Every structure is written in C-alpha cells, then in structure tokens.
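Everything on this sheet refers to the single structure shown next.
The values are calculated or read from the model by the stated rules, or taken from the named source; none is laboratory data. These figures come from a predicted structure and were not determined experimentally. Using ideal geometry, Cβ is built from the backbone for each residue, glycine included, and neighbour counts are taken over all protein chains shown. We work out accessible area using only protein heavy atoms, side chains counted, and drop any ligands, DNA or RNA first. Shrake-Rupley method; radii C 1.70, N 1.55, O 1.52, S 1.80 Å.
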Amino acid sequence: MASPVPTGRLLTCEDGGTALALARTLTAPPKDVWAHLTDPARTALWFGPWRGEPGPGATVEVRTAFEEEAGWSPLVIEVCEPPRRLLVATDPAAESWRLEFLLSSGGGRTSVELRHLLPAGPVAGLGETGPGWEYYLDMFTASFAGVPLPSFSAYYPALRGFYEELPRTGG
C-alpha cells in the first residue's frame with residue numbers, strides 16, 4: 001500500500017501557542033458530518049465509543065478502539081457549537097491534549113479541520129502525533145463513506161519525517 005500524503009501544517013494561535021492543523025472534506029451536509037463526529041455509535045467506527053451526558057463543561061468518558069489496551073479516559077467538552085465547532089480536552093490528570101474540530105461548508109461539501117492545540121514554547125513530538133491524526137482523520141472519512149478502514153502501518157513510520165520537519169519549515 002502506498003503511503004498517504006501528509007496534510008498537516010502548523011498555525012500560530014492567538015494565545016502564542018501553536019496548533020497542528022489537518023483537514024478533510026466530505027460530500028455531505030454539516031449536520032451529517034457533525035453527527036459522525038459526535039454520536040457515540042458513529043465515533044466507535046473511527047475513533048472509539050464514548051459514554052456520559054454531553055454538553056459544554058461536561059466530562060464524558062472515551063475509549064480509543066484502535067489503540068492497544070486502551071481503557072476509558074475522561075474527556076472534557078470545553079465548547080460545543082453544533083454543527084460548527086467542538087473543543088475538547090483529554091484527561092487533565094495526565095498530559096492533557098486540547099483538540100478542536102471546526103466544520104465549514106459550501107457547494108454540498110463539508111470540511112473538517114482538526115486542530116491539536118499545543119502550548120506556547122518549542123514544538124515537540126509531532127513525528128508521533130502527526131501520523132496518528134492523519135490516520136484517525138482517514139478513519140473518519142472511510143467510516144463515513146462506508147469503505148474499508150486504513151491500516152496504521154501505512155502512516156507510521158512513513159509520515160514521521162514530514163512531521164519532524166514541520167517545526168523547522170512552519171508547515
């Protein structure tokens with residue numbers, strides 16, 4: 001199988017931090033794409049199931065279905081503005097990741113941009129996280145389309161070098 005083409009780029013955030021941004025476009029209305037992003041039965045197809053009462057400020061539990069030995073972990077919903085924006089934070093007791101999903105639409109298509117928000121300071125670890133987000137976004141689009149899911153081995157280590165170079169190139 002040929003390696004996927006990496007799409008990530010680095011953005012400077014208003015707070016001085018950096019965001020690793022990746023995007024995909026689907027031929028569907030925003031409400032359908034939003035449902036695939038937020039409905040636990042649908043997230044189970046590409047990321048993993050979640051349980052709990054959702055809403056801004058709420059904490060739900062999520063389990064990544066495609067990681068070895070993954071258990072249930074807290075996920076804080078910071079912002080939920082259907083069908084345009086979702087901002088979540090992973091387990092605040094561990095090394096928390098903040099993830100923002102932005103949806104935009106036009107011409108019968110909806111774009112989904114995933115932003116992994118990084119703290120201010122040196123950018124590190126993109127060689128591991130970048131290929132992972134490429135994989136999960138392609139899982140998202142494949143499960144949405146009902147086509148076979150990709151294999152992680154096509155993404156890592158094949159895309160590692162691209163993401164390790166991003167801090168030097170700026171995306």
Subset tally (residues that are of a type in the set (Ser, Thr, Tyr) and under 18 Å from Gly106 (Cα atoms)) for the stretch 1-55: 2
Here is a list of conditions, (1) under 30 Å from Arg168 (Cβ atoms); (2) in contact with a strand residue (DSSP E or B) (Cβ under 8 Å, 6 or more places away or on another chain); (3) open to solvent by 50 Å² or more (accessible area, probe 1.4 Å), and Ser151 meets all of them except one; can you say which number that is? (2)
Qualifying residues in the stretch 1-10 (those that are touching a residue at least 40 places away in the same chain (Cβ under 8 Å) and either among the β-branched types (Val, Ile, Thr) or open to solvent by less than 40 Å² (accessible area, probe 1.4 Å) (or both)) - the one farthest from Ala89 (Cα to Cα): Pro4
Residue match in the stretch 48-56 (condition: of a type in the set (Asp, Glu), farther than 30 Å from Ala154 by Cβ and surrounded by fewer than 15 Cβ atoms within 10 Å (Cβ to Cβ)): yes
Filter pass, Thr129 being under 16 Å from Leu10 (Cβ atoms), within 15 Å of the chain's Cα centre (by Cα) and of a type in the set (Ser, Thr, Tyr): yes
Output the residue which, of all residues in the stretch 154-171 that are in contact with a strand residue (DSSP E or B) (Cβ under 9 Å, 6 or more places away or on another chain), part of a helix (DSSP H, G or I) and touching a residue at least 24 places away in the same chain (Cβ under 8 Å), is most open to solvent (accessible area, probe 1.4 Å). Pro167
Answer yes or no as to whether Arg109 is closer than 19 Å to Ala28 by Cβ and of a type in the set (Lys, Arg). yes
Filter the stretch 11-31 down to the residues that are open to solvent by 30 Å² or more (accessible area, probe 1.4 Å), in contact (Cβ under 8 Å) with a residue 12 or more places away in the chain and more than 14 Å from the chain's Cα centre (by Cα) and list them by number. Leu11, Cys13, Asp15, Gly16, Thr27, Pro29, Lys31
What is the number of the single condition among (1) under 21 Å from Arg9 (Cα atoms); (2) open to solvent by less than 30 Å² (accessible area, probe 1.4 Å); (3) outside any strand (DSSP E or B); (4) of a type outside the set (A, V, I, L, M, F, W, C) that Gly121 does not meet? (2)
Residues located in the stretch 80-91, provided they are modelled with pLDDT of 95 or more and within 14 Å of Thr59 (Cβ to Cβ): Cys80, Leu87, Val88, Ala89
Residue count for the stretch 58-101, restricted to those that are touching a Gly at 6+ places or on another chain (Cβ under 7 Å), aliphatic (A, V, I, L, M) and either without any contact (Cβ under 8 Å) to a residue 12 or more places away in the chain or surrounded by 15 or more Cβ atoms within 10 Å (Cβ to Cβ) (or both): 3
Among Thr43, Thr38, which is the only one that is of a type in the set (Ser, Thr, Tyr) and either open to solvent by 30 Å² or more (accessible area, probe 1.4 Å) or at pLDDT below 95 (or both)? Thr38
